[in-house]
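Student: This is the structure, below, for whatever I ask next.
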Amino acid sequence: MAQHNVTFIPGDGIGPEVSAAARRCVEATGIDIVFEEVNAGAETLEKTGRLLPDSVSESIKKNKTAIKGPITTPVGSGFRSVNVALRKAHDLYACVRPCKSYEGVRSRYENIDLVIVRENTEDLYAGIEFEVGRPETGKLIEQIKALGAGSIRSDSGISIKPISIYGTRRIVKFAFEYALAHKRRKVTAVHKANIMKYTDGLFLSVAREVAKEYASRIEFEDRIVDNMCMQLVQRPEAFDVIVLPNLYGDIISDLCAGLVGGLGVAPGANIGETIALFEATHGSAPKYKGLNKVNPAAMILSAVLMLDYLKEKKAAQMLEQATAEVFKEGKAVTYDFKENRDDTSAVGTKEMADAIIAKIKKKR
Ligand code: NAD
């Protein structure tokens with residue numbers, strides 16, 4: 001296998017601790033990988049005056065694969081999220097979040113194995129917003145009235161929900177290709193097409209068209225988003241790969257993370273045509289910064305996704321199995337795995353990674 005060059009972004013808050021844990025676990029698999037370290041976020045802003053230095057995007061463009069710790073979004077300072085900026089800059093249109101049950105991770109459910117494929121660039125998340133009271137908002141309200149499209153109260157704020165044929169086709173195709181590559185049986189498209197006919201309705205009709213291309217290989221169905229929430233809670237085993245527009249994807253991926261034990265074990269990937277960025281679903285939890293306390297598993301499972309993406313299937317399997325064994329034994333795990341959060345037998349972030357590395361070494 002060729003050498004892999006990967007951009008490594010430690011992040012801030014708990015980011016450096018959990019990303020170091022993931023990096024050490026990847027290195028322990030013995031694959032030929034070189035990490036190029038660059039950073040972004042609040043601490044980088046203090047040091048360099050830039051929240052997202054150019055070196056980060058340059059490194060990602062060069063290496064095509066990146067793994068990133070969480071990054072704090074400064075509140076009320078006019079800064080946009082670095083995370084969103086990176087997804088936009090590299091057109092990482094597919095957010096993939098597998099939600100899988102592991103023995104030893106406390107949850108109300110068992111045997112869950114779902115994959116959320118969320119569209120990452122369109123929908124109400126596109127950031128096209130009109131603030132209440134501004135002249136342009138007033139103009140838009142007048143235009144909408146003049147076009148006979150409806151009346152909007154003058155004291156309204158407005159967010160625009162664009163959903164395109166192009167954006168829908170590529171995300172639904174991505175979901176089917178993912179299903180094929182990972183030997184999945186079914187894709188479920190989620191929408192509210194009965195109410196939002198021209199956006200969600202378009203999403204559904206394009207999804208149905210794409211599904212026809214895969215009809216002999218992968219089953220397809222659709223669900224209205226509210227019904228989907230109920231069904232996921234009542235019988236999550238009925239679903240497999242779930243493809244959704246941006247906002248529903250955001251909400252339902254958290255619901256599904258809740259089915260399998262929460263943020264501590266929820267990995268993620270943001271994938272584009274040629275570039276992919278792997279990161280945990282959770283944020284930078286600043287109050288735990290530097291305490292060697294938080295759970296590195298979401299970041300380590302994100303590294304498993306990265307290894308799978310890099311076609312290092314054996315290393316991916318080895319790392320996932322080693323992590324699952326540590327969960328199952330329940331000994332070298334962080335406080336959040338414990339029934340009582342003050343349980344003194346909990347280990348630190350680094351020690352949990354050490355236990356996973358020890359298992360990997362036995363497997364090699
Ligand atoms: P958060 O996920 O950082 O933390 C919420 C709570 O979840 C924490 O207080 C902690 O109790 C728990 N938690 C999170 N990760 C954990 C872990 N690995 N182990 C154990 N417990 C864990 O969410 P927040 O407080 O809303 O956000 C903090 C900052 O992170 C914000 O600035 C936000 O913008 C940013 N953020 C970044 C990303 C990203 O980098 N992709 C994602 C979400 C939030």
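The values are calculated or read from the model by the stated rules, or taken from the named source; none is laboratory data. A quick note: this is a predicted structure, and the numbers were derived from the prediction, not measured. Backbone-built Cβ (ideal geometry, glycine too); neighbour counts: all protein chains shown. Heads up: the accessible areas ignore ligands, DNA and RNA and are worked out on the full protein's heavy atoms, side chains in. Shrake-Rupley method; radii C 1.70, N 1.55, O 1.52, S 1.80 Å.
Student: To test your reading of the geometry: what angle, between 0 and 90 degrees and rounded to tens, separates the Cα axis of helix 200-213 from the longest principal axis of the chain?
Tutor: On a 0 to 90 degree scale, this one is about 60.
Student: List the relative contact order of the chain as a percent without decimals, with contacts defined as Cα pairs under 8 Å and 6+ residues apart. Write down the numbers at each step before the final one.
Tutor: Details: 728 pairs, mean separation 84.4, N = 364.
Result for the chain is 23 percent.
Student: Return one number: the angle in degrees, 0 to 90 and rounded to the nearest 10, between the long axis of the Cα atoms of helix 165-181 and the longest principal axis of the Cα atoms of the chain.
Tutor: Helix 165-181 and the main axis of the chain meet at about 30 degrees.
Student: Next up: If you count only protein heavy atoms with a 1.4 Å probe, what accessible area per residue comes out for the stretch 33-73, rounded to a whole Å²? Before the final figure, lay out each step's value.
Tutor: Working: 1960 Å² over 41 residues.
It amounts to 48 Å² per residue over the stretch 33-73.
Student: Follow-up question, since we're still on this one. Can you give the relative contact order of the stretch 166-260 as a percent, counting alpha carbon pairs under 8 Å and 6+ residues apart? List each step's numbers first, then the result.
Tutor: Working: 113 pairs, mean separation 35.3, N = 95.
Once divided by the residue count of the stretch 166-260, the mean separation gives 37 percent.
Student: Over the stretch 92-223, what relative contact order in percent results from Cα pairs under 8 Å that are six or more residues apart? Write out the running numbers ahead of the final one.
Tutor: On the way: 178 pairs, mean separation 27.0, N = 132.
The normalised contact order for the stretch 92-223 reaches 20 percent.
Student: If we sort 269-277, 63-71, 185-193 on the protection proxy, mean other Cβ atoms within 10 Å, highest first, what's the order? Mind showing how you got there, number by number?
Tutor: Numbers: 269-277: 19.3, 63-71: 23.9, 185-193: 21.7.
Result, highest mean first: 63-71, 185-193, 269-277.
Student: Kindly express, to the nearest 10 degrees and within the range 0 to 90, the angle between helix 135-146's C-alpha long axis and the longest C-alpha principal axis of the chain.
Tutor: 50 degrees
Student: How fast does the stretch 231-329 diffuse by Stokes-Einstein, in µm²/s, taking the Kirkwood radius from C-alpha pairs at 4 °C and 1.567 mPa s?
Tutor: 86 µm²/s
Student: Sequence-distant or interchain residues sharing an amide H contact under 5 Å with I33, placed H: which?
Tutor: When sequence neighbours closer than 5 places are left aside, the close amide H contacts are H4.
Student: Considering the chain, which cysteines have no disulfide-compatible partner, defined as another cysteine with its Cβ under 4.7 Å away?
Tutor: Those would be C25, C95, C229, since no other cysteine Cβ in the chain comes under 4.7 Å of theirs.
Student: Using 30 Å as the Cα-Cα cut-off, could you pick out the over-long pairs in K183/K328; K192/K338; K61/K363; K161/K183; K68/K363; K338/K362? Kindly include the intermediate steps, with their values, before the conclusion.
Tutor: Numbers: K183/K328 25 Å; K192/K338 39 Å; K61/K363 34 Å; K161/K183 33 Å; K68/K363 26 Å; K338/K362 26 Å.
Too far apart for the 30 Å limit: K192/K338; K61/K363; K161/K183.
Student: Which log10 I(q)/I(0) values, to two decimals, does the stretch 74-129 give at q = 0.18 Å⁻¹ under the Debye formula with one point per Cα?
Tutor: -0.77
Student: Quick one: plug the Kirkwood hydrodynamic radius of the chain (C-alpha pairs) into Stokes-Einstein at 4 °C, 1.567 mPa s, and report D in µm²/s. Kindly include the intermediate steps, with their values, before the conclusion.
Tutor: Details: Rh = 21.6 Å.
So the translational diffusion coefficient is about 60 µm²/s.
Student: In terms of modelled amide H atoms, which long-range or inter-chain residues lie less than 5 Å from the amide H of T121?
Tutor: Residues meeting the criterion, in which the H sits 1.01 Å from N, do not exist here.
Student: Does the stretch 173-303 come out rounded, prolate or oblate, given a ≥ b ≥ c as the square roots of the eigenvalues of its C-alpha gyration tensor, rounded meaning a/c under 1.5 and, failing that, prolate meaning a/b above b/c? All intermediate terms of the calculation are to be shown ahead of the outcome.
Tutor: On the way: a/c = 2.04, a/b = 1.69, b/c = 1.20.
Since a/c reaches 1.5 and a/b is larger than b/c, the shape of the stretch 173-303 is classed as prolate.
Student: Right, something else. Find out how many positive minus negative residues lie around G30, taking Lys and Arg as positive, Asp and Glu as negative, among other residues whose Cβ is under 12 Å from that of G30.
Tutor: Working: positive: K314, K361, K363, R364; negative: E27, D32, E312.
Taking every Cβ under 12 Å from that of G30, the sum is +1.
Student: If you count, for each residue, the other Cβ atoms within 10 Å and average over each peptide, how do 196-208, 44-56 line up from highest to lowest?
Tutor: Details: 196-208: 18.9, 44-56: 15.6.
Highest to lowest by the protection proxy: 196-208, 44-56.
Student: ³J(HN,Hα) across the stretch 46-61 via Karplus (A = 6.51, B = -1.76, C = 1.60, θ = phi - 60°), whole Hz, x for Gly/Pro?
Tutor: These are the phi-based 3J(HN,Hα) values: 4, 7, 10, x, 10, 6, 10, x, 4, 4, 5, 5, 4, 5, 5, 4 Hz.
Student: What are the semi-axes of the equivalent ellipsoid of the stretch 158-242, taken as the square roots of 5 times the eigenvalues of the Cα gyration tensor, listed largest first and rounded to whole Å? Intermediate results must be reported in sequence, preceding the final value.
Tutor: On the way: eigenvalues 90, 62, 20 Å².
Over the Cα atoms of the stretch 158-242, the ellipsoid semi-axes are 21, 18, 10 Å.
Student: If you don't mind, there's one more thing I want to ask. Rank these by accessible area, largest first, 1.4 Å probe: F130, F278.
Tutor: Largest accessible area first, the residues go F130, F278.
Student: With a 10 Å cut-off between alpha carbons and a GNM built on the chain, which of P16, P135, P74 moves the most?
Tutor: P135
Student: Next up: Kindly state, as a whole number, the per residue volume in cubic angstrom of the convex hull around the alpha carbon atoms of the stretch 138-200. Kindly include the intermediate steps, with their values, before the conclusion.
Tutor: On the way: hull volume 6.9 nm³, N = 63.
Measuring per residue, one finds 109 Å³ for the Cα hull of the stretch 138-200.
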